[in-house]
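K.L.:
The structure under discussion is supplied below as structure tokens; questions concerning it will follow.
The values are calculated or read from the model by the stated rules, or taken from the named source; none is laboratory data. Keep in mind it's a predicted model, so treat the numbers as computed, not measured. Backbone-built Cβ (ideal geometry, glycine too); neighbour counts: all protein chains shown. Accessible surface areas use protein heavy atoms only, side chains included; no ligands, DNA or RNA. Shrake-Rupley method; radii C 1.70, N 1.55, O 1.52, S 1.80 Å.
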Amino acid sequence: MELSYSPQEERFRAELRAWLAHNPAGPEPERIDEWVAYGKAWQRRLYEAGWCGVAGPKEYGGRGATLIEQIIFQEEMARAKTPLLINLAGLTMGGPVLIAHGTDAQKRRHLKTILAAEEIWCQGFSEPNAGSDLAALKTRAVLDGDDFVVNGQKVWTSFARYADWCMLLVRTDPDAPKHKGITFLLVDMHSPGITVRPLKQISGEEDFNEVFFEDVRVPRENVVGHVNGGWDIAITTLMHERATLTFSRQLQSRVALTDMIQFARRWQHNGRAATQDPLIRQQLAQAVIESDVIKYTAYRSLTKTLRGGVPGPEGSVEKLFWSEMYQRMLETALSMEGPYAQLLKGSAHVPDGGQWPHLMLYSRGRTIAAGSSEIQRNIIAERVLGLPRGGK
Ligand SMILES: Cc1cc2nc3c(=O)[nH]c(=O)nc-3n(C[C@H](O)[C@H](O)[C@H](O)COP(=O)(O)OP(=O)(O)OC[C@H]3O[C@@H](n4cnc5c(N)ncnc54)[C@H](O)[C@@H]3O)c2cc1C
């Protein structure tokens, strides 16, 4: 692969870097409801300046630039430590899935509002008894006239409380083999019959939710792809989640590692700077090596996407390695802090604003979300390496 950038790509980077320098996002509010308003305003500013949907089609509000420029956008956002984009599910999954499988009407209706964060999206896949075994999902949708009537429950739905639209997987044919009777619906989260209940995470945040559907009517035209053909669309969504989302996350963890090394230079561990401790030095060096490994693995998988248009199962390699190396890296920060690692954000005398324990707690979910590490290993074995299925 070509690892240098063309003059046009370098111009794009310089223009974006200058824009970011003159348009800082400003401090992030602590309270989630204030953060939602702040996140929408920030994404809207990016969109109005032409930075959202860099590689998206121009007719639907994108910039029509290349995938490499999209990557440069992510690199520069990570470098400038800008806030996470609030409509992450819409930008990294909903939009790409509609571009690949949506009708013209669906693209016209949704793509611009996703980019401008006018409407926030969530992903309604997991259920209490259908996580790793997603095809076991039970939420039912029955056709009644021109509408589907949906009943059932989803869980772990990130940001559902603030979402306007949900990518919902429902069972439309209970008699078909389990992968064949699933449909992918776009559901207006303001429809009557939807109840959202927040769930508290180990980190103290309430990003997760349970979502209950009771006789929710969803117009038939909100089916993406065709009825009972939702499994393939779910797989496209998950590949985007594993590859596209991990690409930006590995960039952010690289920036976090640089901060962690700065912290290690300042922080006293066993009577000397933590960087002078042989064990910590080894762990930091290992983190830098792993950070380079994931960077080049992510670029290799990007090259495949550039050639094939959509990410393939190789995204599982990135997702698996990144989520596990990120936890190892944060464990190093915690072992440097020693007993201080028990102090959380907001406590007196907390080192480095309490960011390392907080990130560590948050990172626990990374080896579960978008398919657990065990599931990624199964995918890599069967679909990337072509090994026989276990137990056969
Ligand atoms: C931070 C975060 C955000 C999330 N956001 C969303 C969201 O927005 N929308 C959404 O729909 N879901 C979301 N999820 C849910 C996520 O997709 C599921 O948690 C995940 O798929 C695992 O399912 P489960 O929790 O039901 O665990 P289970 O499937 O019950 O797994 C339990 C354990 O058994 C192991 N296991 C299961 N099957 C196998 C197997 N075949 N071989 C080996 N081991 C196996 C798993 O690896 C795991 O360790 C999120 C999860 C997290 C942590």
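K.L.:
Quote the relative contact order of the chain in percent (integer), defining contacts as alpha-carbon pairs under 8 Å separated by 6+ residues.
P.N.:
12
K.L.:
Taking the Cβ of residue 301 as the centre, find all other residues whose Cβ is under 13 Å away and add up their charges (Lys, Arg: +1; Asp, Glu: -1).
P.N.:
My count for the surroundings of residue 301 gives +4.
K.L.:
Ok, one more. How would 347, 301 line up by accessible area, probe 1.4 Å, largest first? Could the numbers behind the result be given before it?
P.N.:
Working: 347 45, 301 15 Å².
Solvent-accessible surface, decreasing: 347, 301.
K.L.:
Right, here's the next one. Put one equal scatterer on each alpha carbon of the chain, apply the Debye formula with no solvent term, and list log10 I(q)/I(0) at q = 0.07, 0.09, 0.11, 0.12 1/Å to two decimals.
P.N.:
-0.34, -0.57, -0.85, -1.02
K.L.:
Further question: Loop-only chymotrypsin sites (Phe, Trp or Tyr not before Pro) in region 177-249, please: DSSP not H, G, I, E or B, and at most 14 other Cβ atoms within 10 Å.
P.N.:
Filter output for region 177-249: empty list.
K.L.:
By how many degrees, 0 to 90 and rounded to 10, does the Cα axis of helix 104-115 deviate from the longest principal axis of the chain?
P.N.:
30
K.L.:
Can you tell me the length gained on complete extension of the stretch residue 345 to residue 136, counting 0.36 nm per residue apart and subtracting the Cα distance?
P.N.:
On the way: separation 209, 0.36 × 209 = 75.24 nm, distance 3.92 nm.
Extending this stretch completely gives an extra 71.3 nm.
K.L.:
Round to the nearest 10 and give me the degree value, 0 to 90, for the angle of helix 67-79's Cα axis relative to the longest principal axis of the chain.
P.N.:
The helix 67-79 is inclined about 50 degrees to the chain.
K.L.:
Before rounding to the nearest 500, sum -39500 (n - 2.57) across all DSSP H runs of length at least 4 in the chain and divide by the residue total; then give [θ] at 222 nm in deg cm²/dmol.
P.N.:
Mean residue ellipticity at 222 nm (helix-derived): -14000 deg cm²/dmol.
K.L.:
Something else about it: What's the local net charge at residue 61, with K and R +1, D and E -1, over the other residues with C-beta under 14 Å away?
P.N.:
Neighbour charge sum, excluding residue 61 itself: +3.
K.L.:
Keeping all protein chains in place, calculate the accessible area per residue for the chain (probe 1.4 angstrom), answer in Å².
P.N.:
Working: 18830 Å² over 392 residues.
For the chain, the per-residue accessible area is 48 Å².
K.L.:
Here's a follow-up. Starting from the Cα of residue 288, step 7 Å along the direction of its Cβ; do the same at residue 18; then give the gap between the two resulting points in nm.
P.N.:
Once both label points are built, they end up 3.3 nm from each other.
K.L.:
Residue separation times 0.36 nm, minus the C-alpha to C-alpha distance between residue 33 and residue 266: what's the value?
P.N.:
Gain on extension, residue 33 to residue 266, equals 80.4 nm.
K.L.:
Considering only protein heavy atoms and a probe of 1.4 Å, how much of the accessible area of the chain is carbon and sulfur, as a whole percent?
P.N.:
The C+S portion of the solvent-accessible surface of the chain is 53 percent.
K.L.:
Which order do peptides 133-146, 60-73, 108-121 fall in by mean Cβ count within 10 Å, highest first?
P.N.:
Taking the mean over residues of other Cβ atoms within 10 Å, the ranking is 108-121, 60-73, 133-146.
K.L.:
Which angle between 0 and 90 degrees, to the nearest 10, do you get for helix 278-308 versus the longest principal axis of the chain when only C-alpha atoms count?
P.N.:
Rounded to the nearest ten degrees, it is 30.
K.L.:
Follow-up question, since we're still on this one. Output ³J(HN,Hα) for region 118-125: one whole-Hz value per residue in order, computed from phi by the Karplus curve 6.51 cos²θ - 1.76 cosθ + 1.60 with θ = phi - 60°, and x for Gly and Pro.
P.N.:
6, 9, 9, 10, 9, 10, x, 9
K.L.:
Label residue 202 and residue 180 with points 7 Å out from Cα along Cα→Cβ: what is the distance between them in nm?
P.N.:
Result for the modelled spin labels: 4.1 nm.
K.L.:
Rounding to the nearest 20 debye, state how big the charge dipole of region 92-247 is about its Cα centre with +1 on each Lys and Arg Cβ and -1 on each Asp and Glu Cβ.
P.N.:
The dipole magnitude comes to about 240 debye.
K.L.:
Okay, next question. If R₀ is 41 angstrom, what is the calculated FRET efficiency for the pair residue 100 and residue 3, using the beta carbon separation as r and rounding to 0.05?
P.N.:
0.90
K.L.:
Could you order peptides 27-40, 363-376, 163-176 by the average number of other Cβ atoms within 10 Å of their residues, highest first?
P.N.:
Peptide ranking by packing, descending: 163-176, 363-376, 27-40.
K.L.:
With label points built 7 Å along Cα→Cβ from the Cα atoms of residue 381 and residue 307, find their separation and express it in nm.
P.N.:
2.7
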